[in-house]
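Have a look at the structure below before the remarks.
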Amino acid sequence: MENINYKEEIKKKTSKPLLWIAIMSIVMFFAGLTSAVVVSQGGGSFLDVPMPTAFTISTFVIIASSLSFHYGLISIKKGKFGIAKLCVLVTLILSFVFIASQWMGWTYLYENGIFAVGSASTSSSSFLYLLTALHIAHLVGGIVSLLVVFFKLNKNKYSTEKYLGVQVSITYWHFLGGLWVYLYLFFMYIIA
Amino acid sequence: MSAHHHNENDFLFKYIFSTDHKMISKQFLITGFTMGFIGLVMSTLFRLQLGWPGESFEIVELLMGSWQEGGVMAPDKYLALVTMHGTIMVFFLLTAGLSGTFSNLLIPLQIGARDMASGFLNMLSYWFFFVSSVIMLISLFVEGGAASAGWTIYPPLSALPEAIPGSGAGMTLWLVSMAIFIVSSLLGSLNYIVTILNLRTKGMSMTRLPLTIWAFLITAILGVLSFPVLLSAALLLVMDRSFGTSFYLSDIYIGGQVLDHTGGSPILFEHLFWFLGHPEVYIVLLPALGITSEIVSTMSRKPIFGYRAMIGSMMAIGFLSFIVWGHHMFLTGMNPFLGAVFTFTTLLIAIPSAVKVFNYITTLWKGNIVFSPAALFSVGLVSTFITGGVTGLILGNSALDINVHDTYFVIGHFHIVMGLSAIFGMFAGVYHWFPKMFGRMMNNKLGNLHFWTTIICAYGVFFPMHFLGLAGVPRRYYTNSEFPMFDNMVDINEFISMFAVLALFAQLVFMFNFIYSAFRGPRAPQNPWKGTTLEWTTPVEHFHGNWYGDIPEVHRWPYDYSKVDANGEYVTGEDYIPQTTPLGEGEKDGGH
Ligand code: HEM
Ligand SMILES: [Cu+2]
């Protein structure tokens, strides 16, 4: 009967919208947390913390990763799958560099007596660690999707017509970049 | 449809790990009702204590064992039960139970889709809900008992594990359960929104959608925007509890000991909680309102009055619900100007709410009403929405709220406007779509009995609470017999508790009717209520994919009841025209 293939069709129609609504939820999650920071600051005993330069590096790295992924998608559309593979690989590497730079940022904070938890922590220092860690938690999802794209590229699963999975993955990846830039500016101008 | 292959996995995938929206809908309904019944029994138990403080009830001891040593509820158990009752009713029955059941059942059927956008996410949504239900129930049996800080789990009671008995393992499990619940709710809402926006059949424009679907859509949008904020609130709470952060805590002493927390504020939690909490009220209410719109129109055999106004008012309610949360916090020492702003936005909600009530009544007006149990419960909803809404005007007003905040006035108000309205909408929906869900009819006589006893008991329980509240009786108190100024309230409390016990028995009637009819009820015809919407064009028996052959095309809005032509004759010879009937020559589509 006709129903056999409706699942394929449903998937085609709904993958991107599903992602967009999920992104809306994540936006609200971080909006809730960052407005919590603002509300806490109103309370008075909110300490200022210096910004680690490593976070500035993170910003450039994640923007670069978005650009390389984007170039990868363009290459797929043009049928240049070799270049696409390279681009996705570069994106993957950059994502690990990003995490490394975050780690460096935390080390710097830690060495300057700014702690995530415990009696020497304040709510602003905890927020700083928490927000970055939560961003990375979401980034892990992005890395998984990058890996999927990478393996599918290697198995020639995409064509110049068929690249829905890449589009979904790249949308999420750009979103993660945007989210980081937002957090970075928020740290610069609100917390620091 | 894929071939019928018979093996032992059939049962497993058909009934347990189903990805079919119709089966998932039933799973939500049964789990939700089970939780709801447990919540109801809890309320009856603590009502016994409130009505006859200190009196011994042996039957209760039999049921609850050491929970009620000597048949009298212990104070800490009282707090635990109140908390669990509120949590279960609001989240498990009226959020997951209500939305999960009807969004799942009706969205694909009424928009003309073969299933949800993602059957897999949908199944996950149910299973997360199930697991969170189980954890919530288990939390009743851990050391120290269930969470006891109220369903709003304000810190510090919720933030310091050593604060009261229920602040320990019970609170931890509450948080675990709710985190899983939120994930379930997000997955569900995600699916509902995308399905409605992307999988409508040909001809089903947004302005031809039944109002149920509009209600589910707006509900789901509220869900994806507000639940993540609750998740963030819960996350900070977990950090404070387990990792020694100070998001919600500052300058705290416990047993004369200074605790190591500086800089946080419990008010922050209230902001985050109520940013979800108020939209949550509408997450609970809107599906019920949508269901009512549908039933009121079908059962009065008249087009819904003000279709567009109904959509507009739901959108307005949805939007406003995000900017009123401060009305729960008038007593937190907020700037009076801010209080005035929240008063203003809150009172604004009265306008779209009034539009809805007006439209329901106008639809019913001079209708040829079929008083089925579904119609009765819908009218019941209109009643409770008015009586509960009116006291909302008082509570929304900061100057007045300060006097009755945290009293039984609030309990009366929100039970009527949110609890009763939503549960009435849910009952209405079950009576109306039971034939679609189970292929059988429920018994009308028992349904009517259920309705009348329920509404009488409901008002008997909640109406007098307003007077208690005005007299200053506080909510969440184990007993009021210790305070001489409440001595003359004993009779009212007894009166309320008698109705509460009766209400419990009324629900047994429903339970019997439901279970009996599901197996033994008369077989349902395809379109028992002569409805116009697409779900009644599907075969009575269920299968994955909903329609044999092509999905029907839609040609008109969903409310063509009693439509007559220029000669005053029914266009099709019947008093309803299905959405699948093409428009006649020169005939105008409704809803404009
Ligand atoms: C006949 C059924 C019900 C009865 C007799 C009942 C009774 C009560 C009473 C007396 C309280 C206040 C206890 C106290 O403050 O010490 C209460 C609290 C509450 N009820 Fe119900 N209730 C019923 C159904 C519902 C329903 C359907 C809802 C769904 C909205 C609901 C939601 C709540 C909530 C949220 C609280 C507040 C819990 C807290 O203070 O943390 N109840 N109920
Ligand atoms: Cu509210």
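Taking the Cβ of B:Val410 as the centre, find all other residues whose Cβ is under 9 Å away and add up their charges (Lys, Arg: +1; Asp, Glu: -1).
Numbers: positive: B:Arg475; negative: B:Asp401, B:Asp406.
Net local charge, B:Val410 excluded: -1.
At 4 °C and 1.567 mPa s, what whole-number value in µm²/s does Stokes-Einstein give for the translational diffusion of the range B:245-383, with Rh from the Kirkwood sum over Cα pairs?
Translational diffusion coefficient: 73 µm²/s.
Once all Cα-Cα distances of the range A:55-191 are split into 5 Å bins that start at 0, what whole-number percent is in each one?
2, 10, 20, 20, 15, 11, 9, 6, 4, 3, 1, 0
Given the -39500 (n - 2.57) contribution per DSSP H run of 4+ residues, what per-residue ellipticity at 222 nm results for chain A, rounded to the nearest 500 deg cm²/dmol?
Numbers: 5 runs with 149 residues, N = 192.
Dividing the helical sum by the residues of chain A leaves -28000 deg cm²/dmol.
Of the options B:Leu348, B:Thr581, B:Ser118, report the single residue whose Cα projects farthest towards the positive end of the charge dipole of the protein assembly as shown (beta-carbon charges: Lys, Arg +1; Asp, Glu -1).
Working it through, the farthest residue towards the positive pole turns out to be B:Thr581.
With a 1.4 Å probe and all protein chains left in place, how much of the accessible area of chain B comes from carbon and sulfur atoms, in whole percent?
Details: 15130 of 22170 Å².
Solvent-exposed carbon and sulfur of chain B make up 68 percent of the total.
Ignoring ligands, DNA and RNA, what percent of the 1.4 Å accessible area of chain A is carbon and sulfur?
69 percent
Rounded to the nearest 500 deg cm²/dmol, what is the calculated helix-only ellipticity per residue at 222 nm for chain B, with -39500 (n - 2.57) per DSSP H run of length n ≥ 4?
Working: 17 runs with 338 residues, N = 592.
Only helices count here, giving -19500 deg cm²/dmol.
Filter A:Lys80/A:Lys157; A:Lys13/B:Lys563; A:Lys12/B:Lys202 down to the pairs with a C-alpha to C-alpha distance above 24 Å, please.
Violating the 24 Å limit, Cα to Cα: A:Lys13/B:Lys563.
How would B:Tyr253, A:Tyr6 rank on accessible area, largest to smallest, probe 1.4 Å?
Largest accessible area first, the residues go B:Tyr253, A:Tyr6.
Please calculate how many Å² of accessible area the range B:423-463 carries per residue, with a 1.4 Å probe and no DNA, RNA or ligand atoms counted.
About 31 Å² of surface per residue is accessible.
Just going by the charge dipole of the protein assembly as shown, with Lys and Arg at +1 and Asp and Glu at -1 on Cβ, which of B:Met73, B:Ile311, B:Ala458 is farthest out on the positive end?
Highest projection toward the positive end goes to B:Ile311.
Taking a probe of 1.4 Å and counting only protein heavy atoms, give the total accessible area buried between chains B and A in Å², rounded to the nearest 100.
Heavy-atom accessible area buried at this interface is about 3100 Å².
Once a ≥ b ≥ c are taken as the square roots of the eigenvalues of the Cα gyration tensor of the range B:204-283, is the result rounded (a/c under 1.5), prolate (a/b larger than b/c) or oblate (a/b not larger than b/c)?
prolate
How many angstrom separate the Cα center of the range B:12-30 from the Cα center of the range B:573-588?
Taking the Cα centre of the range B:573-588 as reference, the centre of the range B:12-30 is 35 Å away.
In the range B:117-136, what residues drop by 30 Å² or more in accessible surface going from the chain by itself to the full protein assembly, probe 1.4 Å?
For the range B:117-136, once contacts with the other chains are taken into account, B:Ala117 lose 30 Å² or more.
Dividing the Cα convex hull volume of chain B by residue count, how many Å³ per residue is that? Numbers along the way, then the final one.
Details: hull volume 95.1 nm³, N = 592.
Convex hull of Cα atoms, per residue: 161 Å³.
Please quote Rg/Rh for the protein assembly as shown to two decimal places, taking the Kirkwood radius as Rh and restricting both calculations to Cα atoms.
Rounded to two decimals, Rg/Rh equals 0.98.
Only four residue types carry charge here, +1 at the Cβ of Lys and Arg and -1 at the Cβ of Asp and Glu. Report the dipole size of the protein assembly as shown about the Cα centre in Debye, rounded to the nearest 20.
Here the protein assembly as shown has a charge dipole of around 2640 debye.
What is the sum of charges, Lys and Arg at +1 and Asp and Glu at -1, for the other residues whose Cβ falls under 14 Å from the Cβ of B:Gly170?
-1
Rolling a 1.4 angstrom probe over the protein heavy atoms, how many square angstrom per residue are accessible across the range B:464-513?
52 Å²
If you count only protein heavy atoms with a 1.4 Å probe, what accessible area per residue comes out for the range A:55-191, rounded to a whole Å²?
45 Å²
The values are calculated or read from the model by the stated rules, or taken from the named source; none is laboratory data. From a predicted model like this one, the values you see are computed outputs, not experimental measurements. All Cβ positions, glycine included, derive from the backbone under ideal geometry; neighbour counts span all protein chains shown. Calculation scope for accessible area: heavy atoms of the full protein, side chains included, ligands and nucleic acids excluded. Shrake-Rupley method; radii C 1.70, N 1.55, O 1.52, S 1.80 Å.
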